[in-house]
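First comes the structure, then the notes that go with it.
The values are calculated or read from the model by the stated rules, or taken from the named source; none is laboratory data. Quick caveat: nothing in here was measured; it's all calculated off a predicted structure. Neighbour counts are summed over all protein chains in view; Cβ atoms, including those assigned to glycine, are modelled from backbone coordinates with ideal geometry. Each accessible area value is taken on the protein alone, full model and side chains, heavy atoms only, with ligands, DNA and RNA left out. Shrake-Rupley method; radii C 1.70, N 1.55, O 1.52, S 1.80 Å.
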Amino acid sequence: MGHSVAHWEGDTLVIETTNLKPYPYMTRMATSSAAHVVERMHMEERNAANGQKAKFLVNELTVTDPKVYTEPVRITAALQLRPDLSLIEYTCTDTLWDDYLMQRGLTLPDLDALPGGAQE
């Protein structure tokens, strides 16, 4: 969905993404060409829904986009490690979102045309 560069900070994988494709970025959030996304992923142990200890992959995502948001947007998600489950293949293509919009007769607004922000 953009240009991503990653590095490790101890046990945390840090991914920085710029040059995003016009929104949505993962959570259908509006973003402009000024968007910068930082994801911090790490494993941690915590109690699962059944009360037993389990491992979770935690993704702390921060979206900074001065043309759209007045402050950084932070989202945290945790996925429980489940080695007993089979993964199904999923392909994220450039056309999925475009097809969705076209089927519904929708178009995206030009967020870079908004006044203010760092790009002016």
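Among the residues of the range 34-90, which ones are of a type in the set (D, E, K, R) and over 30 Å from N19 (Cβ atoms)?
Correct list: E44, E45, R46, K53, K55, R82, D84.
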TODO: Would you mind stating whether E60 is modelled with pLDDT of 95 or more, of a type in the set (D, E, K, R), within 16 Å of M1 (Cβ to Cβ) and part of a strand (DSSP E or B)?
DONE: no
Open item on the list: From the list A49, A35, exactly one residue is surrounded by fewer than 16 Cβ atoms within 10 Å (Cβ to Cβ) and either modelled with pLDDT of 95 or more or not hydroxyl-bearing (S, T, Y) (or both). Which is it?
Closed with: A49
Task: the range 72-84, subset assigned to a loop (DSSP other than H, G, I, E, B) and open to solvent by less than 100 Å² (accessible area, probe 1.4 Å), residue farthest from E44 (Cα to Cα) - done: P72
